[in-house]
Structure formats: structure tokens, C-alpha cells
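**Student:** Please read through the structure below; I'll follow up with questions.
The values are calculated or read from the model by the stated rules, or taken from the named source; none is laboratory data. Because the structure is a prediction, the values reported are computed rather than measured. Virtual Cβ from ideal backbone geometry, glycine too; neighbours counted across all protein chains shown.
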């Protein structure tokens, strides 16, 4: 399994913190987000990484080479990161990802047990689901009685949603192949480059083929926070356990 980390974005909502530093390199009590993520991934037995960079990418590449030379990294440069979204960055990995990936954005502060729980779930394709009070801006998930994802996105009904997708997924086999087909069509034919990748998850799910299902795995016992704003960043520093 390869870990795919998406780290191309400009992070405008974190300005001025990100005026000179990419979001994933912001310090959190002695270690930055990227360092913590890589350590947590490595702790789960994964040593191959694909990093999609963009904004101030040389800082990210230099940091990884200085601190994680014992791991295997492939770097992809999203040169037009100001005009596209994470679906484009994910699409860029299609030729080198293989058949089994751990996908995550690089702006998540999370415990390593989340990855272990996904791996141990026995599901070929699954996402980390946190159950808590939801709002309109979160990527919400609706599941069936077997925890199979039916709907995913911000537009999912708050009253029906089972939780929030925190942005960590294992995607494998037929689901991954179908996902890259959808992304390829959207980006190369439809020129739809400014979209969240969950919209493509939904298109694969809508095929209604149980052989390519995605499942939700409840990780509510673990702490995690997506850092989008200065307030998120300050809260993360206050609540960080170590």
C-alpha cells in the first residue's frame, strides 16, 4: 500500500501564517503537521509515499529529504495549484498509485490508531468517519445498515447524516480503478479541475455496484482535526496531547 498525501494548496484562510510557509509545515508544539502524519503512517507499516506538492513545494521536498531519508517518496508537482482543487491532485497520481492507497490531505492532525482501524476493518475501500455535532460545511456521510456509504458531501442532510468524513481513506481494487476513470473523464474531457474528490467518490458509489462499495469506519474514539483556519490551528495547539 502507498500513502498518497495531497499538499498542493495555498491555504488562504490560514494567512498570515501561510504567507511564507505551506500549511503542512506549520509547527504544532515542536512538530509540524506533515511530520506527524508521516510518523503515524510509518507506524502502521507503510513506507512508500506519493506527495503532491504545489505552493512552496521546495520547502516540503527539502523537509522530507532531511527528515525521512529512510522512506521511499515520489513527488508530483501541481503547477497550477491556484486554479484547481484536490481532485486534480489525486488525478495526478493515477499512473504511479498502484492498486491500493491510503489517501489523506496533509492538513489533518490525527492519531495513528485511525489508520490502524481502517486497515483492520477488513474493508477493501473505507473512510474514517467521526460522529459528532455536524454543520453545513463538513463533508458528511450517509450510510446503509451495513455501513456502506450511500451519500458523501457537504449537501448531505444534517438530520440524516451518520457523521463526518475526516479526509482519511483506504481505496483499493475496483473502486480505485473506477475512481481514476471518473477523475480522468472529468479533468481531461470535461475540464472540471476545481472540485473536491468526494464528488468523484459519489459518482463511483452511484453505480450501485456492491462489488465496488465504500464503507464508513467509526473512529470517534480518536482525536482528529482538519486545520483550515487560524482558529483551528490555535485550538489544535491547545488540545494536542503530545
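**Student:** Within region 106-125, does at least one residue satisfy the condition of being surrounded by fewer than 18 Cβ atoms within 10 Å (Cβ to Cβ), modelled with pLDDT of 95 or more, in contact with a helix residue (DSSP H, G or I) (Cβ under 9 Å, 6 or more places away or on another chain) and closer than 25 Å to residue 182 by Cβ?
**Tutor:** Checked region 106-125: no residue is surrounded by fewer than 18 Cβ atoms within 10 Å (Cβ to Cβ), modelled with pLDDT of 95 or more, in contact with a helix residue (DSSP H, G or I) (Cβ under 9 Å, 6 or more places away or on another chain) and closer than 25 Å to residue 182 by Cβ.
**Student:** Taking the stated definitions as given, is residue 179 buried (at least 19 other Cβ atoms within 10 Å of the Cβ), at negative phi and not in a helix (DSSP H, G or I)?
**Tutor:** no
**Student:** Out of region 73-102, which residues are part of a loop (DSSP other than H, G, I, E, B), at negative phi and modelled with pLDDT under 95?
**Tutor:** Result: 79, 80, 81, 82, 83, 84, 85, 99.
**Student:** Can you confirm whether residue 135 is part of a helix (DSSP H, G or I), touching a residue at least 12 places away in the same chain (Cβ under 8 Å) and exposed (fewer than 15 other Cβ atoms within 10 Å of the Cβ)?
**Tutor:** Criteria not met by residue 135.
**Student:** Test each condition in (1) in contact with a strand residue (DSSP E or B) (Cβ under 7 Å, 6 or more places away or on another chain); (2) more than 25 Å from residue 39 (Cβ to Cβ) for residue 84 and report the one that comes out false.
**Tutor:** (1)
**Student:** Something else about it: Suppose we keep only residues that are farther than 26 Å from residue 238 by Cβ and assigned to a helix (DSSP H, G or I) within region 13-72. Which one would you say is nearest to the chain's Cα centre (by Cα)?
**Tutor:** It comes out as 42.
**Student:** Against the condition at positive phi and touching a residue at least 60 places away in the same chain (Cβ under 8 Å), how does residue 29 come out, does it pass? Lay out the reasoning, then the answer.
**Tutor:** Details: at positive phi: yes; touching a residue at least 60 places away in the same chain (Cβ under 8 Å): yes.
Spelling it out, residue 29 is indeed at positive phi and touching a residue at least 60 places away in the same chain (Cβ under 8 Å).
**Student:** Still on this structure, I have one more. Could you say which residue among 189, 212 is over 18 Å from the mean Cα position of the chain (by Cα) and buried (at least 17 other Cβ atoms within 10 Å of the Cβ)?
**Tutor:** On inspection, the qualifying residue turns out to be 212.
**Student:** Then there is this: Which residue is nearest to residue 176 (Cα to Cα), if the candidates are limited to region 1-19 and must be exposed (fewer than 15 other Cβ atoms within 10 Å of the Cβ) and out of contact with any helix residue (DSSP H, G or I) (no Cβ under 9 Å at 6 or more places or on another chain)?
**Tutor:** Once the filter is applied, the top-ranked residue is 12.
**Student:** Could you grab me the full set of residues in region 225-239 that are under 20 Å from the mean Cα position of the chain (by Cα) and either assigned to a loop (DSSP other than H, G, I, E, B) or modelled with pLDDT under 80 (or both)?
**Tutor:** 227, 228, 229
**Student:** Can you find a residue in region 147-154 that is outside any strand (DSSP E or B) and within 17 Å of residue 211 (Cα to Cα)?
**Tutor:** yes
**Student:** So which residues in region 154-176 are closer than 14 Å to residue 123 by Cα, out of contact with any strand residue (DSSP E or B) (no Cβ under 7 Å at 6 or more places or on another chain) and either surrounded by fewer than 21 Cβ atoms within 10 Å (Cβ to Cβ) or in contact (Cβ under 8 Å) with a residue 60 or more places away in the chain (or both)?
**Tutor:** 173, 174
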